[in-house]
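A short worksheet on the structure shown next.
The values are calculated or read from the model by the stated rules, or taken from the named source; none is laboratory data. Bear in mind the structure is a predicted one, so any value in this text is a computation, not a measurement. Because the Cβ atoms are built from the backbone with ideal geometry, glycine has one as well, and the counts that use them run over all protein chains shown.
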Amino acid sequence: MQANTRKPVFIVGCPRSGTTLLQQMLDAHPDIAIAPETHFMQLFWGRRDQYGNLAEDGNYRRLLENIIALPEFLEMELDAQEFSQSAWTIPRSYAAIFSLLLEQFASKRQVNVIGEKTPNHVLYIPKIQAFFPEARFIHLVRDPRAVVNSWRSVPWSSGSVVKDAEHWRFHISAAWRQPPQGTNKIFTVHYEQLVLSPEAHLRSLCTFMDLAFDPAMLDYHKKETKLVNVQREPWKGAAVKPVNQQSLTKWQRDLSPEEIAAIEGITWFEMNRLGYTAQTPVAKLFPLSTMIATKRKFEHLARSARSKMKKLVKS
């Protein structure tokens, strides 16, 4: 059995939106393997200037060594020597290396469909599609109030509900700003709907991936997995347990009315587009949204002015 690596599936979205849960569900299917977070686009392609010309052996070797050093590489149970040897026989491009990484994971798992789950790859959809023209994307979205509340448990939180709400807004809108080209290339899943009706939504996803539904996807938590390292990333612990519907309303207990209002004021447009209802009265929410929109406009103007000033200084 050999995976069709020309049509990989990428699970993307804002971090803490349930992408690990969905990864576990899909990976439980006997014909699917979803690789853990490689952060390939950010860590490697995004730093291509630091690696320099890959035609130079030293630069290429350093890139391969850094990929092999990823904790996720170990969790994918790939053979470092085999990967390195194969990498020296392919074109020296980021697309070829990313493809090789997925190919070897697919070969290890002996599946028909290969995928990868890095939430912030939502920011790189056009480039990923350039790497894999037939790629498909699953965009997982979640209530921003729940996401911001969940961010309190992770080490990369800004510590500010305002900044974290802006982060959610930036990631969510990325899939709208730069969607994949072509028909049936992206499938949007609401976390809440997945948790409330997992079978119905997993069946729809299987159709999207041209696969038959398998009940094993519902029993994902019974499957031993090395793709989620709870010791290294304890905030992912819930993803290896049965679905918990209490996660849908936890934000209502944890966030203060003022925090909720701040989040809703920042994300109101996106919330409305995605079908989420604001809790804050419109009379309070509209002035707040207007103030935030004005603030964003001035920040944009300030950035533009700084950019123009830098160009003038250089000229």
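Here are some notes:
- Glu82 assigned to a helix (DSSP H, G or I) and farther than 30 Å from Leu196 by Cα: yes
- Listed by first and then second residue, the pairs linking a residue in the stretch 55-84 that is farther than 25 Å from Gln110 by Cα to a residue that is of a type in the set (A, V, I, L, M) and assigned to a loop (DSSP other than H, G, I, E, B), with Cβ atoms under 9 Å apart and 6 or more places separating them unless they lie on different chains, are Tyr60/Leu54; Leu63/Leu54.
- Entirely in the stretch 18-72, the helices (runs of 4 or more DSSP H) that have 1 or more residues that are among the charged types (D, E, K, R) and crowded, with 21+ Cβ neighbours inside 10 Å: 19-27
- Applying the criterion of being hydrophobic (A, V, I, L, M, F, W, C) and either touching a Ser or Thr at 6+ places or on another chain (Cβ under 8 Å) or loosely packed, with under 15 Cβ neighbours inside 10 Å (or both) to the residues of the stretch 4-17, the residue that is nearest to His171 (Cα to Cα) is Val12.
- If only residues of the stretch 59-110 that are touching a helix residue (DSSP H, G or I) at 6+ places or on another chain (Cβ under 7 Å) and aromatic (Phe, Trp, Tyr) are counted, the one that is nearest to Phe132 (Cα to Cα) is Phe98.
- The listed residue being surrounded by 14 or more Cβ atoms within 10 Å (Cβ to Cβ) and either within 27 Å of Ala55 (Cβ to Cβ) or not hydroxyl-bearing (Ser, Thr, Tyr) (or both), out of Ala135, Ala130, Ala200: Ala135
- Options Arg145, Arg152; residue that is under 20 Å from Thr249 (Cα atoms), buried (at least 22 other Cβ atoms within 10 Å of the Cβ) and out of contact with any Gly (no Cβ under 7 Å at 6 or more places or on another chain): Arg145
- Condition check for Asn229 on (1) modelled with pLDDT under 65; (2) loosely packed, with under 12 Cβ neighbours inside 10 Å: one failure, at (2).
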